[in-house]
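Each remark here refers to the structure printed beneath this line.
The values are calculated or read from the model by the stated rules, or taken from the named source; none is laboratory data. Only a predicted model underlies this, so the values are computations on that prediction, with no experimental measurement involved. Note: ideal-geometry Cβ built from the backbone for every residue, glycine included; neighbour counts use all protein chains shown.
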Amino acid sequence: MTTVGFLYPGHFAEDDYPRMEILLDSTIRLVVHHTESPDGAYREDALRALGAPGRLAAGIEELQRSGVQSIVWACDGGSFPYGWQGAHDQAAALARAAGVPASSTSIGFAHAVRKLGAARVAVGATYPEDVAERFAAFLGEAGVEVTGTHAAGVADAAEAASWDGDRVLALARAADRPDAEVILLPDTALHTVAHLPALEEALGKPVLTANQVAAREALRLADRPAFAPRLGALFAGREQPPAPVGWGSGRAYAHGKKD
């Protein structure tokens, strides 16, 4: 049994995780612990507060009792505003406290893009424009070229969680660019797992979404390849366990493993 853990703020789209667990191998377990989310606003100060060290540390003990082999901070908005180095410092602190490899959804997006062999992406973000641009800048620090960014201007996580599949598809279409090889939809408050096949069929290219990416990042850290085509192109290839060397300059690193 491979058991991986997630620190997830509040209660928004956490039902994506049991849905993914059903679609993955029966020997994979996804354990979610909810961290405090006193302010679900999509403002940079509120998002940075979600990722404060004390708030994340409070959830580690429960995940340890579940025997997790890796931990992912499943909140892209609570990590990318810290920048590439800051997000890695955040993950390193989690790993030291938990005693297992740790990462975040934001870092996982960079690893997922590389796993697909892509170089150019387009971003469709629920966030206001300034926050969406911070995510694009974060990807740029990781060596990922962002060909375009579309910001929907959603005010908070509760609003994002209310979106249905049609609105998610509209976001992906608005973000798409002819030169983009992959579409990225950040925000773990957005329900996307049930819509992945339809999104990729409609766009004709891979679509990476936050909770899907968080799951793959946790499994990557646990050295557990997973094959689940209904979770999109990211899970459609039969991959081997990650080699003990990085890609490019070696900057894309989550504490405990290299991509």
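Restricting attention to helices (runs of 4 or more DSSP H) lying wholly within region 27-72, give those where 1 or more residues are in contact (Cβ under 8 Å) with a residue 12 or more places away in the chain and closer than 15 Å to THR188 by Cβ.
Qualifying helices (runs of 4 or more DSSP H): 44-50, 53-57.
Regarding VAL123, is this residue over 24 Å from GLU181 (Cα atoms) and either of a type in the set (A, V, I, L, M, F, W, C) or surrounded by 15 or more Cβ atoms within 10 Å (Cβ to Cβ) (or both)?
no
Go over the candidates ILE60, ILE71 one by one and state the one that is within 17 Å of the chain's Cα centre (by Cα), outside the structural domain of VAL182 (by TED's automatic domain parsing) and of a type outside the set (Lys, Arg).
ILE71
Which residue, of GLU159, GLU181, is touching a strand residue (DSSP E or B) at 6+ places or on another chain (Cβ under 8 Å) and either within 24 Å of GLY40 (Cβ to Cβ) or in contact (Cβ under 8 Å) with a residue 12 or more places away in the chain (or both)?
From the options GLU159, GLU181, the qualifying one is GLU181.
Among LEU221, LEU208, which is crowded, with 24+ Cβ neighbours inside 10 Å and under 16 Å from GLY77 (Cα atoms)?
Only one candidate passes the filter, namely LEU208.
Could you list, in sequence order, the residues of region 97-106 that are over 12 Å from LEU56 (Cα atoms) and part of a helix (DSSP H, G or I)?
Of everything in region 97-106, those that are over 12 Å from LEU56 (Cα atoms) and part of a helix (DSSP H, G or I) turn out to be THR105, SER106.
Given the criterion over 30 Å from PRO53 (Cβ atoms) and either outside the structural domain of LEU203 (by TED's automatic domain parsing) or buried (at least 23 other Cβ atoms within 10 Å of the Cβ) (or both), identify the matching residue among ALA175, ALA112, ALA92.
ALA175
Among the residues of region 1-38, which ones are polar (S, T, N, Q), surrounded by fewer than 20 Cβ atoms within 10 Å (Cβ to Cβ) and within 19 Å of GLU217 (Cβ to Cβ)?
Passing the criteria: THR2, THR3, THR27.
In region 115-156, how many are part of a loop (DSSP other than H, G, I, E, B) and without any contact (Cβ under 8 Å) to a residue 40 or more places away in the chain?
Residues in region 115-156 being part of a loop (DSSP other than H, G, I, E, B) and without any contact (Cβ under 8 Å) to a residue 40 or more places away in the chain: 4 in total.
Give me the residue from region 187-239 that is among the basic types (Lys, Arg) and out of contact with any Gly (no Cβ under 7 Å at 6 or more places or on another chain) and, out of that set, modelled with the lowest pLDDT.
So the residue we want is ARG238.
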